[in-house]
Each structure stands twice: as structure tokens, then as C-alpha cells.
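Undergrad: This structure is in C-alpha cells; I'll ask about it shortly.
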Amino acid sequence: MPLWAKIAPLQAVRELLETIEDAGFSAYLVAQQFFKAANSLGTAAAALFATGAVAREVENRTIEFLLTRPWSRRRILASKFVAGALALVVPIVASSASAALLVRVIPDIGESVPVGPILLASAHCSLFLVAIYAATFLGSTLSSDANRMAFVVLGVSTLSFALYMVNEVTHYSFYRYSDVPTYLRILREGRLPVGLDVALVGVIGALYLAADRIFARRDF
Amino acid sequence: MPPAVEIRRLEKRFGRRTALAGVDLDIPAGEVFGLVGPNGAGKSTLLRILVGVVRPTGGEARALGYRLPEESLAVRRRTGYLPADANLYERMRGAEFLAFALNGYSALDRSLERRLLEAFDLPLRVRIRAYSHGMKRKLALACALLPDVPLHILDEPTEGLDPSVRIALLDVLRELRSRGRTVLLSCHDLAEVERICDRVAFLNAGKLLDCDTIEGIRSKTARFLRATFRTEPDRGALARVGLAIAGREGEVHLLRIEGDPSAALRGLADFPVASLEWNRPSLADLYAQLYGARSCSSAA
């Protein structure tokens, strides 16, 4: 097989279409809802929300005013982290639940998708995106240039997505933890990939603790 | 009463640049205290250390009895702070921003609130992005003065304010002092510092040059005479009677008395003096002495 054929994402796209054909509407829902929408737009949103946490405040010169309020730096940072995480998670959960409910209303689909497993899938997707958000959040506490941070994160995500689409190098991509087969497994088995999600929670916790420590000691 | 602020051998380096080089300073409670110095002297750095924005690299600092930076949160809960050039959140309306900024203080000075907001005349229902620079400074100043706290730290408080608001602000600072609050401010306007401050510290290149009351500063300042001569005086002859030409404005010579004032005045009788005025020493005169700036300040 020529090199261009090996690195072109044709095989990955073909496999995706075959999965949709085999698994029906569930796979289509997974591909649209989680793999295409949440992973791409969600990653962009995660980068956008997180870079605004600290780096954009430094850039806009609002950070000094914020830090001189009668609040601890820990409280400031935690509030920003939670607000950004909720802004990511709530739309994913709400759209997932509404998609599952709409299936029952639209008669042409002819299939039913259980709400419970859909919500589990959205929980896994949320953890994945919050992990990306936490990594960007850490970068934001170190940086004073929000746009550069956003470009770096989006660049890494785009590269990882490109790697995912090429079979020979897909194992280098972090999107394999949030792809169609992963979500289909959650839908079929009705349970989360516990080991993976515990690891994601651990990564989120470690990244946040590092950000907290840096923010507590940084001069502005 | 213990000092409101105690600083011992305070140092701060940003990479290779030294912002503060071992400053020792006590700021008495219940006074209006001025910090004066050229740009880059370390004034803002010192103020920012006191509220925990910046951590010192050496020495010790305490504000209201709390150690810095370890107990900076306790200091901020008892301090109203005005940054020199920080931006505000422009999407907020003025009233929203005020509520946001004052949230967290245990009490607000309600008696001052209405007077201050009337004097500042801010459009609080309008978004801050529509505010002028002066309006933003007034809003930030309100956030620093309205908390009912023992310490107010104001970095360049009169910058961007029109004259009527400056007058109102100085009245407010006098009132705060009368209530026993401590006000620490940095200011480039020496006339205002002289009008309002009880004590002044001069900083340069991160070092404390002098610190004294306003009267103490006047007594240290070289005395000056303003004189006009019918013919140009000889500098050597002036030096022999203990006078030196410190500056000139047109025909008016500013003479610095370097020896005994009585002998200098007697000596001037031998010169073709057209007019003579005694120049009351001012903060600007000491500033000129300390920093080597040419000044020709007007008589009091």
C-alpha cells in the first residue's frame, strides 16, 4: 500500500460508516453527538473557557483587581474552574438527554435509544472534555498570553485527531479514549469504562492541584 | 498604638531587576501617609506586596499585625485597595461591578456611600465599556473607599480625576483620618501630597531616601530666595556670601541658601537686587534636592 494511502484517513472513515451501517441509529447518534460534535466543538470550547481563566485576565489587566478582593486565591481559582467545567458539561448532558427523548418522538427512526446509557455516555464524554479543559486551565495559570495558549491546545487536539484518523498511528491519539467504539460499548453494556474514567478523574485532579499551587504562588 | 504597617529589610527582585532593595519603614496607624518617587522607584511594588499580589524575595512585612504574604487574605479583608492602572470588567454595569467588588467585606461605610457616589456622579446603570478613563478611576476609587476597614491603600488616587473630584477626594481622606483609619497613598502630585499627608516617604531605585512629617521635611529642605537683579550677578560673589543659583525662570533667580541665612541676606545688600522674596520650602524643593531635579517652585 502506498504511503499516501496509509496516512490518508480513508480507512478510518470507511470503518466509521460501516459501524453506523451495522449498529444503526445508536452509532449515528454516537458519531454525531459525541465523536463529531463534542470532541471537536467541545475541545474548542474547553480551550476557550480555560484560557480565559487566568491568562486572559492577565492580558486584559483585570487580574490585579481580582486578586486584591477579600477572597483567597484558592477560592477564585476554584470558582473559575467549576464555572468553566459546568459550561462544558451541562450542554453535553442536556443535548444527550434531549436526543434520546427526541428519538421517541420522531417516528421515522424506528429504533429506541435508552436514556440511561446515553447519559452514561455523556458522563464519559464530559470527563474526557474536562480533562482537556483541566490541561488548558493549568497552562492558563502559567501563561499571560491567552491566544497563544488556545492555539497550542487546539493545535495539539487537531494533531491528535489527525493521528486518530490514520490506522497505523491511531494508538498515539488521545481520542481513542473518546471514539465511536468506546461510546457504543457504553450504550450496549449500559456501564462506564470504570478504569478509564477513574484515570480521567485522577488526571483532572492532578492537573487542578498543580494549577492551584502555581496560582497560589505566582506574582502578577 | 502599633504601626499599621511595619516593613523590615524588604526586598523584591523580578529576575535581574531589583524593585525593592532592603526598605525599612513604619507607617503609623491613623495617618495619611504618602509614598513619593519617580517612575520605577518601587512604590507600586511595595503597595502590591502589602495586599499579596506580589511576594517579597527578602525581608519582612506586616500590615495590621498580619504577616505578609502568609496572612495576606486577612489583610485584604481589612483593606480597601486601589490599583494604579488595573482594568475593570467592561461587560458589567457600574452598579454590578460595585456589588461584585464590595462582596466579601464584613461591612460597608454607608455614611460615606451616598456622599461619595453623588460626588463622583457615576452612571451606574451603564456598562463600564461606555465609561471614560476618569469614570473608571472613580468607580475603582469607590470600591477602595467604601469598605468599612482600618486601612486604605491607594495607588495614584488622583490620576485621571477632574479638579472638583480631587477636592472631594481630599475631603474624604481627611474624614477617614479623623475616624482613625490609615490611608497609604502613592502620588506624583507633590502639592496634593503636601496638602493631605501627615508623613511622606521618598523612594528611589528601590531604596528609602527619607521619611518624615511634612514639617520635618520643610525644616530639612534647603532654603530658597527668589530674586531679580538689575545686572547679572557673579556666581563666585554669590557663593562667597553663602548663596548658589539653583534655577531660573526668566529674570527671576532661585537662590539656595547654603550657609547662615542672616549672613546671606546681609551679603545680598552688596548686590544690585531689584526684588527679593522668601520662598517657603515645599515638598517639591526636597524632591528636587533628593532626586537632583531642577525646580523653581513658587513662593507660598
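Undergrad: Would you mind checking region B:219-247 for residues with the amide N under 16 Å from a putative spin-label position 7 Å along Cα→C-beta of B:TRP278?
TA: B:219-227, by backbone N distance to the label point.
Undergrad: Could you identify which residue out of B:ARG266, B:ARG67, B:ARG114 has the top mean-square fluctuation in a GNM of chain B using Cα springs shorter than 10 Å?
TA: Result for chain B, Cα springs under 10 Å: B:ARG266 fluctuates most.
Undergrad: If you rank B:TYR89, B:TYR287 by fewest surrounding Cβ atoms within 10 Å, what's the result? Don't skip to the end; give the middle numbers.
TA: Working: B:TYR89 17, B:TYR287 23.
Starting with the residue having the fewest Cβ neighbours, the order is B:TYR89, B:TYR287.
Undergrad: From the convex hull of the Cα coordinates of region B:222-280, what is the mean projected area in square nanometres?
TA: Values: hull surface 14.1 nm².
Mean shadow area of the hull around the Cα atoms is 3.5 nm².
Undergrad: Next question, about the same structure. A:ASN60's amide H: which non-local residues (gap 5+, or another chain) put their own amide H closer than 5 Å, with H modeled 1.01 Å from N in plane and none for Pro or chain starts?
TA: Here nothing satisfies the definition.
Undergrad: Just in region B:158-249: which trypsin sites (Lys or Arg not before Pro) are loop by DSSP and have at most 11 other Cβ atoms within 10 Å?
TA: Loop-located and lightly packed - B:ARG230.
Undergrad: For chain B, what number results from the quotient of the Cα radius of gyration and 2.2 N^0.38 Å? Before the final figure, lay out each step's value.
TA: Working: Rg = 22.4 Å, N = 300, 2.2 N^0.38 = 19.2 Å.
Compared with the compact-globule rule of thumb, chain B sits at 1.17.
Undergrad: Something else about it: Using just the helices of chain B, give the 222 nm mean residue ellipticity in deg cm²/dmol: DSSP H runs with n ≥ 4 each add -39,500 (n - 2.57), and the total is spread over all residues, rounded to 500. The partial results should precede the final answer.
TA: Numbers: 11 runs with 99 residues, N = 300.
-9500 deg cm²/dmol, from helical runs alone.
Undergrad: Among A:TRP71, B:TRP278, rank each residue by its count of other Cβ atoms within 10 Å, from fewest to most, as a rough exposure measure.
TA: Working: A:TRP71 16, B:TRP278 13.
Ranking A:TRP71, B:TRP278 by Cβ neighbours within 10 Å, fewest first, gives B:TRP278, A:TRP71.
Undergrad: Sum up the charges of everything whose Cβ sits under 11 Å from the Cβ of B:ALA140, counting Lys and Arg as +1 and Asp and Glu as -1, but leave B:ALA140 out. Write down the numbers at each step before the final one.
TA: Details: positive: B:LYS136, B:ARG137, B:LYS138; negative: A:GLU64, B:ASP85, B:ASP155, B:GLU156, B:GLU159.
So the environment of B:ALA140 carries a net charge of -2.
Undergrad: Rounded, prolate or oblate: which one fits the protein assembly as shown, using the alpha carbon gyration tensor with axes a ≥ b ≥ c (rounded when a/c is under 1.5, else prolate when a/b beats b/c, else oblate)? Before the final figure, lay out the partial values.
TA: Details: a/c = 3.38, a/b = 2.78, b/c = 1.22.
In terms of gyration-tensor shape, prolate.
Undergrad: Which of A:THR51, B:THR45, A:THR170 has the fewest other C-beta atoms within 10 Å, and how do the rest follow up to the most? Intermediate values should be presented prior to the final figure.
TA: Working: A:THR51 27, B:THR45 22, A:THR170 16.
Ordered by Cβ neighbours within 10 Å, fewest first: A:THR170, B:THR45, A:THR51.
Undergrad: What Kirkwood radius, in Å to one decimal, follows from the Cα pairs of chain A?
TA: On the way: mean 1/r = 0.0534 Å⁻¹.
Hydrodynamic radius (Kirkwood, Cα only) of chain A equals 18.7 Å.
Undergrad: Quickly work out the A:ILE106-to-B:HIS133 label distance, labels modelled 7 Å from Cα along the C-beta direction, and quote it in nm with one decimal.
TA: Reported label-point gap for B:HIS133 and A:ILE106 is 5.6 nm.
Undergrad: Next question, about the same structure. Taking R0 as 56 Å, what FRET efficiency do you get between B:GLU70 and B:ARG230 from their Cβ-Cβ distance, rounded to the nearest 0.05? If you can, show how the numbers build up before the last one.
TA: On the way: r = 67 Å, r/R0 = 1.20.
Taking R0 as 56 Å, the efficiency between B:GLU70 and B:ARG230 is 0.25.
Undergrad: How far apart, in nm, are two points set 7 Å out from the Cα along the Cα-to-Cβ line at A:ARG148 and at A:LEU17?
TA: Label at A:ARG148, label at A:LEU17, 4.3 nm between them.
Undergrad: Still on this model: To test your reading of the geometry: what angle, between 0 and 90 degrees and rounded to tens, separates the Cα axis of helix A:10-23 from the longest principal axis of chain A?
TA: Computed tilt is about 70 degrees.
Undergrad: Show that you can apply the helix-only estimate: for chain A, add -39,500 (n - 2.57) for every DSSP H stretch of four or more residues, divide by all residues, and state [θ] at 222 nm to the nearest 500.
TA: Numbers: 11 runs with 158 residues, N = 220.
Taking each H run of at least 4 residues, the total per residue is -23500 deg cm²/dmol.
Undergrad: Counting only residues 5 or more places away or on other chains, whose amide H sits under 5 Å from the amide H of B:GLY247 once H atoms are built in the peptide plane?
TA: B:LEU254
Undergrad: OK, next. Which residue fluctuates the most in chain B, going by a Gaussian network model with Cα springs under 10 Å, if the choices are B:PRO69, B:PRO163, B:PRO28?
TA: So, out of B:PRO69, B:PRO163, B:PRO28, the one fluctuating most is B:PRO163.
Undergrad: Let me check I've understood the local charge: for A:ARG69, count other residues with C-beta under 10 angstrom from its C-beta, Lys and Arg +1, Asp and Glu -1. What total comes out? Could the numbers behind the result be given before it?
TA: Numbers: positive: A:ARG75, B:ARG76, B:ARG77; negative: none.
With Lys, Arg at +1 and Asp, Glu at -1, the net is +3.
Undergrad: Quick check: net charge around A:VAL82, other residues with Cβ under 13 Å of its Cβ, Lys/Arg +1 and Asp/Glu -1? List each step's numbers first, then the result.
TA: Numbers: positive: A:ARG74, A:ARG75, A:LYS80; negative: A:ASP212.
Neighbourhood net charge equals +2.
Throughout, read-outs are computed from the coordinates displayed, never taken from laboratory work. Note that the coordinates shown come from a computational prediction; the quantities given were computed from them, not determined experimentally. When we count neighbours, we look across all protein chains shown, and the Cβ atoms used for this are built from the backbone with ideal geometry, even at glycine.
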